[in-house]
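Peer 1: Once you've had a glance at the structure underneath, I'll fire off some questions.
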2 protein chains.
Amino acid sequence: MKVEDLIERARNGERRSIARLISLVEDGGADLAVAMRDLYPFTGNAYSIGVTGAPGAGKSSLTDRLVARIRSADLEVGVLAIDPSSPFSGGALLGDRVRMQGHATDPGVFIRSMATRGHLGGLSLAAPEAVRVLDAVGNDIVVIETVGVGQAEVEITDACDTTLVVLTPGTGDAVQAAKAGLMEIADVYVVNKADRPGSKDMVRELRHMLQMSDAEWKPPIVETVAIKNEGIDELWDAVEKHRSYQQEHGLLEQRRRRRIVHELKEIVAERQRLRLETECAQLLEDLATQVIARDIDPYTAADRLLASLQP
Amino acid sequence: MKVEDLIERARNGERRSIARLISLVEDGGADLAVAMRDLYPFTGNAYSIGVTGAPGAGKSSLTDRLVARIRSADLEVGVLAIDPSSPFSGGALLGDRVRMQGHATDPGVFIRSMATRGHLGGLSLAAPEAVRVLDAVGNDIVVIETVGVGQAEVEITDACDTTLVVLTPGTGDAVQAAKAGLMEIADVYVVNKADRPGSKDMVRELRHMLQMSDAEWKPPIVETVAIKNEGIDELWDAVEKHRSYQQEHGLLEQRRRRRIVHELKEIVAERQRLRLETECAQLLEDLATQVIARDIDPYTAADRLLASLQP
């Protein structure tokens, strides 16, 4: 099927076509640029929410309840469960799929898990592109739930309008979050499993840390018990409040601009990489031989490659 | 201090200078290329071992015991505990440091944890460069222990001559490993905590999976109980066997060549990225404005950036 037909069908709500567009993003093939060009004019309406946090924090259950809350506001929602091709996250991903099946028959919810092995640009391109697919087909909200932890995870949350950081009481998550500069990416803190001992301590600890921050937006701290559906209204309110705050202060536009600049750089880098692989394949091999023989060092070899790339 | 003096001191065994060279790699600053050029002629002697696996598999204890075993063969060893800037791995890293302190007074062991936030080229450049520092200062073996899981982790193991994949009985790790294509990167399987129930089952399961693989090298499966120092001799034997096998079949050279080709591509990409940021800063902002206004799409904007980069 032609890409333009695929897009038309997807925009008419055909789920298989939406899924196929996301597969294009996963594979990162030649059709992707075409699809992204054609889709782009239809984008810009969805608001994206990232859900991140340590494994076992209950991100999937929380996403599940949040989706139900969003649906009750009669908004259409797309969910992306992103697996940064981690060797050990397969189980978690499988779990997500099973847990989210309560929404499987709701035409206002589209759920897709996504790996990114094929995409040369990696997650930093694949995540915003997949969000764009779900945006273009008419979703009001796109939730990106990340599986596993690591640098990739932070990259994904960069692609969101509001980032939720989910923590669990009694795990030391709060201290870890602070140490690792997670304060910079969290827009809303969720203390999930808040019926466990230590929940109040964690909230107090977070509040204390936030007092030391001089950021304008002070991330609210929401206590939830996702599996009992507790605190979900408060969480949704916090997201809406953050959205309004950003809109009123021109921050949403700033944020989206940063993201576009980053994305443009990534596309350029990917194109240049492709050019290196096709136009300089032989030189690359020859230089590798010289580097292995220790006739030259890697940085000098790279300089020669760069010189040969100039027309 | 000048880079050349730093290198001389590091090669004379001064630990603070070695640490400072690794800091250069972490920061990815201007001095890094100079240091890497000057260091390169002294490299090529160390053999590198990657230790990867799910969190909680006991990678640190295993590394600790393996280091002791390597020392008993009178080999000098450098250890890198790489933290892929994960928001949640700070605790694990701290744990490692504490556990490895048994070697702190041994001049034949150099241990360093390493983050890579600053390095533009990310882990795929930082890992081989840090190994090269430890190689150039005279280590016979470099062990790279990865903290946390994710795509980054797989990238790091790409930088090693032998990759150990550490699994724990009764966790379903084996199935996950198979699903995620971990069979492709494992050179030796370690079933650690082998005194737990389910160890034999896991070994059987792994063996069964390995029978289906048509790779020439069949990864041995070693059962260990790191905290009791059991199975460590067998593990070291397995590493040595893999090393010999690769040397006899010309595979080590092939592997190192692949790595160098990858690294050259990364250095070129990083240089081009820098050029884009310095030479096209204004165009980048202008194009972002047009993309946000939906006058053009990101791929078309990237094409214009590429065109302007040609001299």
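Peer 1: Residue pairs, Cβ under 7 Å, 6 or more apart or interchain, first in the range B:232-256 and outside the structural domain of B:VAL188 (by TED's automatic domain parsing), second among the β-branched types (Val, Ile, Thr). List them.
Peer 2: Pairs found: B:ARG256/A:ILE292.
Peer 1: Of all the residues that make up the range B:1-18, how many are touching a helix residue (DSSP H, G or I) at 6+ places or on another chain (Cβ under 9 Å) and among the small types (Gly, Ala, Ser)?
Peer 2: 2
Peer 1: When you check B:TRP217 against the structure, is it modelled with pLDDT under 95 and closer than 30 Å to B:ASP74 by Cβ, yes or no?
Peer 2: Criteria met by B:TRP217.
Peer 1: When you go through (1) at the interface with chain A (Cβ under 7 Å from one of its Cβ atoms); (2) out of contact with any helix residue (DSSP H, G or I) (no Cβ under 7 Å at 6 or more places or on another chain); (3) not hydroxyl-bearing (Ser, Thr, Tyr) one by one for B:LEU287, which number turns out not to apply?
Peer 2: With (1) at the interface with chain A (Cβ under 7 Å from one of its Cβ atoms); (2) out of contact with any helix residue (DSSP H, G or I) (no Cβ under 7 Å at 6 or more places or on another chain); (3) not hydroxyl-bearing (Ser, Thr, Tyr) applied to B:LEU287, the lone miss is (2).
Peer 1: Moving to a separate point now. Looking only at the range A:36-59, decide whether some residue is within 14 Å of chain B (Cβ to nearest Cβ), crowded, with 24+ Cβ neighbours inside 10 Å and of a type in the set (D, E, K, R).
Peer 2: The answer is yes; a qualifying residue exists.
Peer 1: Scanning for something in contact with a Lys or Arg (Cβ under 7 Å, 6 or more places away or on another chain) and more than 14 Å from chain B (Cβ to nearest Cβ), does the range A:200-213 turn up at least one residue?
Peer 2: Yes, there is a match, as at least one residue in the range A:200-213 is in contact with a Lys or Arg (Cβ under 7 Å, 6 or more places away or on another chain) and more than 14 Å from chain B (Cβ to nearest Cβ).
Peer 1: Please verify whether A:ALA307 is within 14 Å of chain B (Cβ to nearest Cβ), surrounded by fewer than 15 Cβ atoms within 10 Å (Cβ to Cβ) and closer than 21 Å to B:GLU270 by Cβ, treating the condition exactly as stated.
Peer 2: Yes.
Peer 1: For the range A:258-279, enumerate the residues that are polar (S, T, N, Q) and at the interface with chain B (Cβ under 9 Å from one of its Cβ atoms).
Peer 2: Answer for the range A:258-279, where residues must be polar (S, T, N, Q) and at the interface with chain B (Cβ under 9 Å from one of its Cβ atoms): just A:GLN272.
Peer 1: Taking the criterion of being within 14 Å of B:ILE49 (Cβ to Cβ), buried (at least 17 other Cβ atoms within 10 Å of the Cβ) and modelled with pLDDT under 85, would at least one residue in the range B:224-243 satisfy it?
Peer 2: no
Peer 1: Every residue in the range A:208-223 that is surrounded by fewer than 15 Cβ atoms within 10 Å (Cβ to Cβ) and charged (D, E, K, R), please.
Peer 2: Within the range A:208-223, A:ASP214, A:GLU216, A:LYS218 meet the criteria.
Peer 1: Let me ask something else. Any residue at all in the range A:55-64 that's touching a residue at least 40 places away in the same chain (Cβ under 8 Å) and not assigned by TED's automatic domain parsing to the domain that holds A:VAL142?
Peer 2: Checking the range A:55-64: not a single residue is touching a residue at least 40 places away in the same chain (Cβ under 8 Å) and not assigned by TED's automatic domain parsing to the domain that holds A:VAL142.
Peer 1: Please give the number of the condition A:LEU287 fails out of (1) surrounded by fewer than 19 Cβ atoms within 10 Å (Cβ to Cβ); (2) modelled with pLDDT of 95 or more.
Peer 2: The single condition A:LEU287 does not satisfy is (1).
Peer 1: Enumerate the pairs (first residue in the range B:291-310 and farther than 20 Å from B:THR278 by Cα and free of Cβ contacts under 8 Å to residues at least 40 places away in the same chain; second residue anywhere and in a helix (DSSP H, G or I) and aromatic (Phe, Trp, Tyr)) with beta-carbon separation below 6 Å, excluding pairs fewer than 6 apart on the same chain, so at least 6 apart or on different chains.
Peer 2: That search, which allows pairs on different chains as well, returns B:ASP297/A:TYR40.
Peer 1: Ok, one more. When A:GLY250 is evaluated against the numbered criteria (1) more than 12 Å from every other protein chain (Cβ to nearest Cβ); (2) surrounded by 15 or more Cβ atoms within 10 Å (Cβ to Cβ); (3) of a type outside the set (A, V, I, L, M), which criterion, by number, is the only one it fails?
Peer 2: Just one mismatch for A:GLY250, condition (2).
The values are calculated or read from the model by the stated rules, or taken from the named source; none is laboratory data. Since we're looking at a predicted model, the values are computed, not measured. No Cβ is skipped: glycine too gets one built from the backbone with ideal geometry, and neighbour counts run over all protein chains shown.
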